[in-house]
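Report on the following structure.
The values are calculated or read from the model by the stated rules, or taken from the named source; none is laboratory data. Here the structure is a predicted model, which means the values were calculated and not measured. Cβ atoms come from the backbone with ideal geometry, glycine included; neighbour counts cover every protein chain shown.
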Amino acid sequence: MATSRDEATVGVRTVVVPAAGMGTRFLPATKTVPKELLPVVDTPGIELIAQEAAAVGAQRLAVITAPSKQEVLRHFDTFPELVEMLRARGKDEQADKVERANQLIAPIAIEQAKPLGLGHAVSLAEPVLDADEDAFAVMLPDDIVLPATVLEDMARVRAAKGGSVLCAFEVSREETFNYGVFDVEDTEDELVKKVVGMVEKPEPDQAPSNLVATGRYLLDRKIFAALRQITPGKGGELQLTDAIDKLIAAGEPVHVVVHRGKRHDLGNPGGYIPACVDFGLHDPVYGPALYKSLKAIMTAFEAETR
Ligand code: UTP
């Protein structure tokens, strides 16, 4: 598929970031620290998402937060006293880091009183959209999809085929039980599939494919009508997947872009630790020493477990 940035016309004004989940897989850390604020090297997941949204030209970040997770939005405040103190001490690099989040994009807080599910969280963003905004993006802050330009590919597919476009990742069949799995038909483009159905966390022998949903969605505004029709599904939650299924059933075009880049799941320690290692290894300051430490840790671990 063509991926030239020159022809990229993402045209998305609003990126919705659902961040009101309970983060139970990260307890006990998430008793007091929202998982969206856990750092990857030194930058929290919520800021990585804001960077990605700003990079595709979005104007506002509609962050869905829980009443107990107000710190997530505080990350976008200005902190003038801290900045002044750092600059007075010659720590300009650190001061720039403090100011960075605030300068990226305009955040809007939307409160989800109870964690009723991802579908419910997304439905709360409707009033934030302009009257003429016929599509918007959803980016899950615990999902890192690299390169961050995948939304540009998705926007091109929406421009060509209309409707909603999601991002799919290939996993082995044994892993499908962890994800929303797409039932697809081929198109003329190997990396673009038409979605004919979705199954939430199926057993491997029931999975319609090995293409699973990742945390990037380009949704037609019609999703809000579909979200109003759904009832609690898997886990008693209002599932975004069920609303997408309704769009498909109503004959609305839904496609996936098969993403061949990297993906990190920051939502549980098993995905978060490799993400920190990957970002750490690529970090110009910490990378070289980390590489040596990791090799030494691996050698010692192999000797211990031999
Ligand atoms: P997850 O299921 O991965 O997040 O939801 P969680 O519920 O915080 O995780 P666990 O299972 O308890 O560990 C995917 C995304 O949807 C958001 C989450 O914050 C996460 O970014 N979400 C989920 C909401 O905003 N509201 C909800 O009611 C549920």
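State all residues of region 216-238 that are within 16 Å of the ligand (Cβ to nearest atom), modelled with pLDDT of 95 or more and either small (G, A, S) or within 17 Å of the chain's Cα centre (by Cα) (or both); if no residue qualifies, say none.
Passing the criteria: R216, Y217, L219.
When region 183-211 is examined, which residues are found to be in a strand (DSSP E or B), modelled with pLDDT under 95 and under 21 Å from the mean Cα position of the chain (by Cα)?
Hits for region 183-211 are M198, V199, E200.
In the list L61, L82, which residue meets the criterion of being among the aliphatic types (A, V, I, L, M) and closer than 23 Å to L146 by Cα?
Of L61, L82, the one residue that is among the aliphatic types (A, V, I, L, M) and closer than 23 Å to L146 by Cα is L61.
Return the residues of region 28-44 that are assigned to a loop (DSSP other than H, G, I, E, B) and within 13 Å of the ligand (Cβ to nearest atom); say none if nothing qualifies.
P28, V33, P34, L38
Please list, ordered by first then second residue, the pairs with beta carbon atoms under 7 Å, 6 or more apart or interchain, first in region 95-123 and touching a residue at least 24 places away in the same chain (Cβ under 8 Å), second near the ligand (Cβ under 8 Å from one of its atoms) and among the small types (G, A, S).
Correct list of pairs: Q112/A20; Q112/A66; Q112/A121; P115/A20; P115/G21; P115/A66; A121/A20.
Please identify the pairs in which a residue from region 23-47 that is within 13 Å of I144 (Cβ to Cβ) has its Cβ atom under 9 Å from the Cβ atom of a residue that is away from the ligand (no atom under 12 Å from the Cβ) and of a type in the set (S, T, Y), counting only partners at least 6 apart or on another chain.
V41/Y286
Given the conditions (1) within 16 Å of the ligand (Cβ to nearest atom); (2) surrounded by fewer than 17 Cβ atoms within 10 Å (Cβ to Cβ); (3) β-branched (V, I, T), report the number of the one that T241 does not fulfil.
Condition not satisfied by T241: (2).
Restricting to region 11-26, name every residue that is more than 15 Å from the chain's Cα centre (by Cα) and either β-branched (V, I, T) or farther than 15 Å from L37 by Cβ (or both).
Within region 11-26, G11, V12, R13, T24, R25 meet the criteria.
What are the pairs with Cβ atoms under 7 angstrom where one residue, in region 264-280, is under 17 Å from V33 (Cα atoms) and the other, located anywhere, is within 14 Å of the ligand (Cβ to nearest atom) and small (G, A, S)? Sequence gap at least six, or different chains.
Within 7 Å, the pairs are L266/G45.
Which of the residues belonging to region 79-99 are on the phi > 0 side of the Ramachandran plot and surrounded by 13 or more Cβ atoms within 10 Å (Cβ to Cβ)?
F79
Would you please list the contacts, defined by Cβ atoms under 6 Å and residues six or more apart or on different chains, that run from a residue in region 139-162 that is touching a residue at least 60 places away in the same chain (Cβ under 8 Å) to a residue that is within 16 Å of the ligand (Cβ to nearest atom) and part of a loop (DSSP other than H, G, I, E, B)?
From residues that are touching a residue at least 60 places away in the same chain (Cβ under 8 Å), the pairs are D142/L266; D142/G267.
Here's a check for you: in region 1-22, which residue that is buried (at least 22 other Cβ atoms within 10 Å of the Cβ) and at pLDDT 95 or above is farthest from L151 (Cα to Cα)?
Selected residue: A20.
Going by the structure shown, is I273 within 16 Å of the ligand (Cβ to nearest atom) and touching a Ser or Thr at 6+ places or on another chain (Cβ under 9 Å)?
No: the conditions fail for I273.
Show the residue pairs meeting these rules: Cβ distance below 7 Å; 6+ apart or different chains; first residue within region 212-230 and closer than 26 Å to L48 by Cα; second residue assigned to a helix (DSSP H, G or I) and of a type in the set (K, R).
L218/R158
Suppose we keep only residues that are out of contact with any Phe, Trp or Tyr (no Cβ under 8 Å at 6 or more places or on another chain) and more than 13 Å from R173 (Cβ to Cβ) within region 200-217. Which one would you say is surrounded by the fewest Cβ atoms within 10 Å (Cβ to Cβ)?
Going through the qualifying residues, I end up with E200.
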